[in-house]
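Every number in this text was worked out from the coordinates using simple rules, so none of it is lab data. Note that the coordinates shown come from a computational prediction; the quantities given were computed from them, not determined experimentally. Heads up, the Cβs are rebuilt from the backbone with ideal geometry, glycines too, and the neighbour counts pull from every protein chain shown.
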Amino acid sequence: MNPVTTKPAARRGHLLPSGEPRPRYDLDRLLAVAVSVFTERGYDGTSIEHLAKASGLSKSSIYHHIESKEQLLRIALGRALDPLLATTREDGALTGRAVDRLRYLIRRDVQVLADRLPYVTLLLRVHGNTETERWAMEQRRGFDKVVAGLVQKAIDEGDIRPDVDAATTARLMFGLINSLIEWYRPSRDLTADVLSDRITAMIFDGIGTGAGRG
C-alpha cells in the first residue's frame with residue numbers, strides 16, 4: 001500500500017482565528033480591502049486594526065506593504081486621479097472644437113469611473129481632513145478648471161448658449177457623472193460606452209421633444 005500523504009500543517013501565524021489559512025496579499029489586494037473599508041467607515045473612522053481585521057493580515061504584515069494608513073489612502077486616490085487627469089492630455093481633449101473636446105472628456109470620464117469605480121467612489125467621498133485628502137481635492141479642482149475653460153470656449157465658439165455660466169455648467173455636467181457611483185454597476189446591458197452615449201446626448205441635446213414649446 002502507498003503511504004498516506006498529508007499536506008504540511010500551516011504555521012500558527014499563518015492561520016486566521018477560524019483556523020483557515022491567511023490569504024496571501026500583495027499591494028493591490030490590500031488596496032482593494034482598504035478602499036472598501038475607507039468607503040464604508042470613512043478614512044478618519046478607519047484604523048490599522050480595522051484594516052487588519054478586514055484583510056486577515058497582522059498589523060506588521062500591513063506595514064510590510066505601506067509606511068502608514070495615509071500612504072495607503074494616497075495610493076488609492078491616485079488610482080482614480082491618475083487616469084482621470086490623463087484624459088485631459090489625450091488628443092481628443094486637446095484638438096478640435098471645444099464642444100467636441102467636452103464630449104470626449106465626458107465619455108472618457110464615464111469610462112474611467114466604470115473602470116475604477118471603487119477608487120472613484122472613495123475619491124468623491126474625501127473631506128479634506130488630511131494633507132492627502134486636500135491634495136486630492138486640489139487635483140479635482142484642477143480638472144474642474146479645465147472643463148470650465150472648455151465650456152467657456154464652446155460658448156465663445158457659439159456651440160453652447162451664451163446665457164449659461166461656464167463654471168456652474170461644468171460642475172453640473174460632471175456632478176451628473178459623479179452621481180453614477182451611487183447606482184451604476186457595469187453590465188452587458190449598460191456598458192460604460194452605452195452610458196456615456198446617453199449622458200452626452202442628454203447634456204447636449206436635452207430630454208424634451210420641443211413639442212410643448214410655444
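Summary table
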read-out: Sites matching GluC sites (Glu not before Pro) across region 62-141 that sit in DSSP coil, with at most 16 neighbouring C-beta atoms within 10 Å; value: Glu67, Glu90
read-out: Structure-based [θ]222 nm, the chain - -39500 (n - 2.57) summed over DSSP H runs of at least 4, per residue, nearest 500; value: -19500 deg cm²/dmol
read-out: Share of alpha-carbon pairs per 5 Å distance bin for the chain, given as whole %; value: 1, 6, 12, 14, 14, 12, 10, 8, 6, 5, 4, 3, 2, 1, 1, 0, 0, 0, 0
read-out: Inter-label distance, nm, simple model (7 Å from Cα along the C-beta direction), Ile207/Glu90; value: 2.6 nm
read-out: Cα Rg, Dmax, region 120-214, angstrom units; value: 16.2, 54
read-out: Cα-derived Rg over Rh, computed across region 24-66 with Rh taken as Kirkwood radius; value: 0.92
read-out: Partner aspartates and glutamates for Lys153 [C-alpha distance under 15 Å; skip if fewer than 8 residues away on the same chain]; value: Asp100, Asp144, Asp163, Asp165
read-out: Cα-based reach from Lys69 at 13 Å (exclusive), listing aspartates and glutamates while leaving out same-chain residues under 8 positions away; value: Asp44, Glu49, Glu131, Glu133
read-out: Amide H within-cut-off set for Gly56, under 5 Å, with H built and near neighbours excluded; value: none
read-out: Extension gain from Asp44 to Asp163, taking 0.36 nm per residue of separation minus the Cα-Cα distance; value: 38.6 nm
read-out: Candidates per trypsin sites (Lys or Arg not before Pro) in region 117-214, loop by DSSP, up to 16 other Cβ within 10 Å; value: Arg125, Arg188, Arg213
read-out: Net dipole in debye of the chain [+1 Lys, Arg Cβ; -1 Asp, Glu Cβ; about Cα centre; nearest 20]; value: 800 debye
